[in-house]
Amino acid sequence: MSDPLSPATLERFSAALLRLGALAHEASAAEFLGQAVSVLRAQIPFARGWWGLGTDLGPGKVPAIYQTQTIGLPDSFTAEWRAIALVDSFAETTLRQAGQVQRFEASQDDDSPAEVAAFSQRHGLHHGMALRIDALASGHGFFMVVYRDAAAAPFDAAEALLFKQLLLHALQLWHQRLRDALSAVAQEELARAAVAALPDGRLLFAGPALCELLWSHWPQWDGITLPAELLAQLRRLPQQLRLPGGTLHASRCGEQLWLLRRAEAGGRPGLAPRKMRVVHLFAEGQSYKEIARELALSPATVRTYLRDAYLSLGVSNKIELGEALRGQGRTARTP
């Protein structure tokens, strides 16, 4: 795979896309991403990996991971990684350069901090490749990291290209599958929904508005499995559970638990003036970096403001954003 545009690469890409398209009709929303990762692994072999959804909380803070799954790694992997996250330069680069594939080779990792080197050695993390994708429609960022053994060839440029494109397509199909599974409800409903496996409560999807409610009630929640106290209260389904700050509607679908945070009385909350300014500039065509410079914000803060705005306004793309702003009186600029 030395030539990213070779006929062989294009054929592999086409075959994988056809399989992903078929999976979008065959697999449930909860199963789709796991099966999509298997399609990717058939095209780009790797020994171990992990993927999930999360939110960048800014410099000096460990990213919030709402759900994750591992391949060839122990269940404790995510918790172990959190302990070394702030000194993991590869993870930091992946986080700060969303949309860009990052790669490393075992031989390039000699000057890593001792705790990172020990973590990598313990789990066999030699050659690596990672990508973070902003997903404004769902309110989270998606990430995936894959690893090869030291004896295997490092990931090359063609594999990085294939990795990114297949993940972009898989993520789009997954969002469509989730919307279908939630009966084509409005986009903001997706932000308030969650799906978990029964009986253990492992999250298969969780929107940010629902996560915020759970965190407000269970501050030590790990974001990966529903709080044990919550599961204990949901033995009888369907039911509604009142929590400080909102109400959860819970129902069962096969071996899955479906949760929906009911909308607060009074309708959709408004946006603070600072966030509205970011939204207007973005709708006018300015980039994250341009907005950050003009308003003296970090690009990560701009992304967070836009994510909040998309969810609050119930839109999923820039065209819908413009329409929503026009509906609110687009000429009335927010200072």
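Tabulated values for the structure
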quantity: Largest-first ordering by accessible area, 1.4 Å probe, given options 280, 126; calculated: 126, 280
quantity: Per-residue HN-Hα couplings for the stretch 249-255 [Karplus 6.51, -1.76, 1.60; θ = phi - 60°; Hz; x = Gly/Pro]; calculated: 9, 10, 8, 10, 9, x, 9
quantity: Stretch gain in nm, segment residue 92-residue 198, where the contour uses 0.36 nm per residue and the Cα spacing is subtracted; calculated: 34.8 nm
quantity: Charge tally in the Cβ shell below 10 Å around residue 42, where Lys, Arg are +1 and Asp, Glu are -1, residue 42 excluded; calculated: +3
quantity: Förster radius 35 Å - calculated FRET efficiency between residue 28 and residue 229 (Cβ-Cβ, nearest 0.05); calculated: 0.80
quantity: In order through the stretch 201-212: 3J(HN,Hα) via Karplus (6.51 cos²θ - 1.76 cosθ + 1.60), integer Hz, x for Gly, Pro; calculated: x, 5, 6, 9, 7, 8, x, x, 5, 5, 4, 4
quantity: Residue 129 accessible area, assembled protein chains, probe 1.4 Å, Å²; calculated: 0 Å²
quantity: Equivalent ellipsoid semi-axes - Cα gyration tensor, the stretch 53-97, angstrom; calculated: 18, 12, 10
quantity: Förster radius 30 Å - calculated FRET efficiency between residue 61 and residue 262, Cβ distance, rounded to 0.05; calculated: 0.50
quantity: Taking N as its residue count, the alpha carbon Rg of the chain over 2.2 N^0.38 Å; calculated: 1.03
quantity: Computed lengthening from residue 274 to residue 161, 0.36 nm per intervening residue step minus Cα-Cα distance; calculated: 37.0 nm
quantity: Residue 41 - accessible surface, heavy atoms, 1.4 Å probe, Å² rounded to 10; calculated: 90 Å²
quantity: P(r) weight above 18 Å for the stretch 1-118, C-alpha pairs, percent; calculated: 65 percent
quantity: In order through the stretch 231-236: 3J(HN,Hα) via Karplus (6.51 cos²θ - 1.76 cosθ + 1.60), integer Hz, x for Gly, Pro; calculated: 4, 5, 7, 10, 5, 9
quantity: Net length gained if the chain between residue 236 and residue 217 were fully extended (0.36 nm per residue, minus Cα distance); calculated: 4.8 nm
quantity: Per-residue [θ]222 nm for the chain (sum of -39500 (n - 2.57) over DSSP H runs n ≥ 4, rounded to 500); calculated: -14000 deg cm²/dmol
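The values are calculated or read from the model by the stated rules, or taken from the named source; none is laboratory data. For clarity, every value in this text was computed on a predicted model and none was experimentally measured. When we count neighbours, we look across all protein chains shown, and the Cβ atoms used for this are built from the backbone with ideal geometry, even at glycine. Please note that ligands, DNA and RNA were not included when accessible areas were found on the heavy atoms of the full protein model with its side chains. Shrake-Rupley method; radii C 1.70, N 1.55, O 1.52, S 1.80 Å.
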